[in-house]
Structure formats: structure tokens, C-alpha cells
Amino acid sequence: MSTTANKMKRTGAALVAAALWLCFAGLPQASAQQTVTVQISIQNHRFQPSVIAAPANQPIALRVKNLDPTAMEFESVSLRVEKVVPGNGEATINIRPLAPGSYKFFDDFHQDTGNGVLVVK
Amino acid sequence: MLAALVIVFREVIEAGLIVGIVMAATKAVTHRGQWITGGIIAGFIGACLVALFVGAITAAFAGMGQELFNATVLGIAVVMLTWHNVWMARHGREIATEMLTLGKAVVAGSRTLLALAVVVGIAILREGSEVVLFLYGIMTSEGGWSLSILLGGLLGLALGALVSVLTYLGLLRIPGRYLFAVTSLMIALLAAGMAAQAVGFLEQANMVTALGTVLWNSSGILSDSSLLGKVLRTLIGYNDQPTGMEAAVYLATLAVTYILMKIAAPVPIPAHLRR
């Protein structure tokens, strides 16, 4: 039993070490490019403005301000983003450098009204 | 009603699959029903708490609280799933062949059941909190529960439960001697997919940037936000635009699980010592 326990402990330690290595392996190489901040807000479950622009090949920080009292979920299939924005709150979404093009996004909780496009040039 | 049904079903399908696999993987372990039910209830309570504190979670860690929260709970689930596989590699046969006395088997089984109950709880907590926020939002904007929303939500939930039952019954059709191997593989793939997803959240929080190049884009063939794509995403970790790091972590998790299971497997008893 005690050898089993020891083996379990070693197994646990190895798992934790692997997890830590995976977490921090990427830390030193922080992005050198300048991040562009883009703002957008939501009111009555509609994006304002519904079309936003950003430069290509630069990291983007999208600040989403929710002016409605209830939560929304900012989601985009092409941007690979899914994030809840609390009611009367805001959230920042990091987007990796993009190729020029149009990237659609929507409010997952109100897909009938909450639609917008990010145009990257 | 349909909107509520679709959203609720889409959120619970992942948890539904996981519950089905976990039930099949623990078929030979006693008292599993209680543990899994406990995990479901704890996950539901957790989902309500997460929904309640979503503002505080979002604002934490310089606005990256949601990403870190998701990465952490996924990381815990990965450790629990891997631990279960390693544990079953060691004791699975003993339990299946009732080599342990009943009391010992119950104590031993409860450890791995706790690990899997945590996994079930986490799956429900993650997806459930979005369901709670969505339904709460509708409730407040429409000034109370409408019967059709309630019905849609319940139907979506029922469909999710049906996914569990079908997954479970489907897995039980596998002959007993292969069941352990199949569920071990499924749990390893589940863990690898979750580990890659956890890293995806760390990438979204800009905490992991190495190997950040997208390896391929198969969203034109099968989008991972489609129903089939989502099922495959849960089952085997399908990702239509994986980064190098996500792929590396996926493969590393599978490799680590394989090695640990090999180390843990009991040494076969030599023929001349067998009864």
C-alpha cells in the first residue's frame, strides 16, 4: 500500500511539474508588437458601432462595454473568442494579429439583434 | 422557446457526453451513481455561484479573470482524468474481478469516483454558468419567467441528459473485456482536449505566446462551433484552428498519460506462481 501511495505522490508531482512547465514555457517571449485598443459598446442588445476597424498584423485589445443590465456573451467563430461581459460591466478581449478581412462577431445570448463585424485593413 | 432550447442544449451537450463516458468508465465501481449525482449537483451550485460573481471574476487579474478561471478548472479536470486513468491501470482489474474484499473496494473506488465527480462538476459548472446567465437575462428583460422559455430550457436540458444516456448505453454495447481499454482511451483524449483548451485560454489571456502560430484552418470543412464539431471537440479535442502550443500540449498530455499508465500497470504474476 505504501509503495502505491509513494507512486501516486510521484505521479502527482510529475503532473504538477508538467503543468507548470506548460504554463510558463511561453512567458519570456512577450509580444513585441504594439497592441491596438478598439472600443465597442452594447445597448439594447445591439453593438455600437456595429462595424469596427483595426489594422492588420497587430495584436488587438477589444474593450467591450455592456450598457445593458444583463450579461451578454461576446462570441466570434472566426476570431476564436468567447467571453461573458457582465451586465453594466466591461471586458477586454485579446485578439492575435490578424490578416486583412472581415471578421463577424455576435452576442451569443441575443443572436437576433447583437451582430457586428471587425474589418481588418 | 426554440432559442432557449438551442442555447441550453448546445451548452449542456459537452457535460452530457462527459457524464456518459464517466458512467461507462466506472461501471465496475460500486456507489458510482451517488458520486456522479453529487458531482452534478455541486456543478450546478457552482454554475449559479459563477454566474452570480461573473463581474468579479471578469475584473480579476487585470481583466483576464475569466480566462484564468477557465484554464484553472480545465487544468484540474485534466489532472483528475489522468489520475483516474493511472489509478484504473493499477486497480481496474482487481475491481472488475472482485479480487479486493468488498469494503476495501469501496474505499479504493471512492478515491477515483471523487476525481471523476470533480470532472463532472467542472463540466457542468463551466457550461452551466452560461445557461444561468442567459436564462436570467431573459427573465429580467421579459419581466419574469415565461412558460415557453422555461419549457425550452427544460427541453434543452432533457436533450443533454439524453446525450448522456445514449453515450452510456452505446459504450456498454462494447464487450466487457474491451470496455476498460476503450473508456481509458476516451478519457485520455478527453483530458488531452481539455489541456489544449486550457492553454487556449492562457493564450487568450496573453500569458502563453510561444508557438502561437495557427497550424491549420479546417473551419471550412468542419467548424468546431457546429454541432458535430462541438461533439468532436469534447470527445477528441478537435480544434479547427489550433496553435502550435495547443497541439504540443495535446500530444504531451497523451504521452504523459501513456507513460504514467505503463508505470502504474501491475507487474504480471509469473505463470508458476499463479493459482
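The values are calculated or read from the model by the stated rules, or taken from the named source; none is laboratory data. The structure displayed is predicted, hence computed values, not measured ones. All Cβ positions, even for glycine, are placed from backbone atoms using ideal geometry, and neighbour counts span all protein chains on display.
Computed quantities for the displayed model
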| item | result |
| --- | --- |
| Candidate set: the range B:62-75, residues that are more than 10 Å from chain A (Cβ to nearest Cβ) and aliphatic (A, V, I, L, M); chosen: the one farthest from B:G200 (Cα to Cα) | B:V73 |
| Residue match in the range A:64-71 (condition: away from chain B (no Cβ under 11 Å) and surrounded by fewer than 17 Cβ atoms within 10 Å (Cβ to Cβ)) | yes |
| Options B:A161, B:A210, B:A195; residue that is in contact with a helix residue (DSSP H, G or I) (Cβ under 9 Å, 6 or more places away or on another chain), within 27 Å of B:R90 (Cβ to Cβ) and of a type in the set (A, V, I, L, M) | B:A195 |
| Filtered residues of the range A:85-96 (kept if of a type outside the set (A, V, I, L, M) and within 7 Å of chain B (Cβ to nearest Cβ)) | A:P86, A:G89, A:T92, A:N94, A:R96 |
| Wholly within the range B:168-275, helices (runs of 4 or more DSSP H) carrying at least 2 residues that are closer than 20 Å to A:P97 by Cα and either away from every other protein chain (no Cβ under 13 Å) or modelled with pLDDT of 90 or more (or both) | B:176-204, B:244-264 |
| Test result for A:E82, at pLDDT below 95, closer than 14 Å to A:I40 by Cα, within 14 Å of the chain's Cα centre (by Cα) and more than 8 Å from every other protein chain (Cβ to nearest Cβ) | no |
| Failed item, numbered, when B:A248 is tested on (1) more than 15 Å from the chain's Cα centre (by Cα); (2) surrounded by fewer than 17 Cβ atoms within 10 Å (Cβ to Cβ) | (2) |
| Verdict on B:M139 being farther than 15 Å from B:A71 by Cα, modelled with pLDDT under 90 and assigned to a helix (DSSP H, G or I) | yes |
| Filtered residues of the range B:36-54 (kept if within 13 Å of chain A (Cβ to nearest Cβ) and part of a helix (DSSP H, G or I)) | B:A47, B:V50, B:A51, B:L52, B:V54 |
| Extreme residue, surrounded by the fewest Cβ atoms within 10 Å (Cβ to Cβ), among residues of the range A:32-47 that are part of a strand (DSSP E or B) and hydroxyl-bearing (S, T, Y) | A:T37 |
| Some residue of the range B:218-232 being surrounded by 22 or more Cβ atoms within 10 Å (Cβ to Cβ) and closer than 18 Å to B:R126 by Cβ | no |
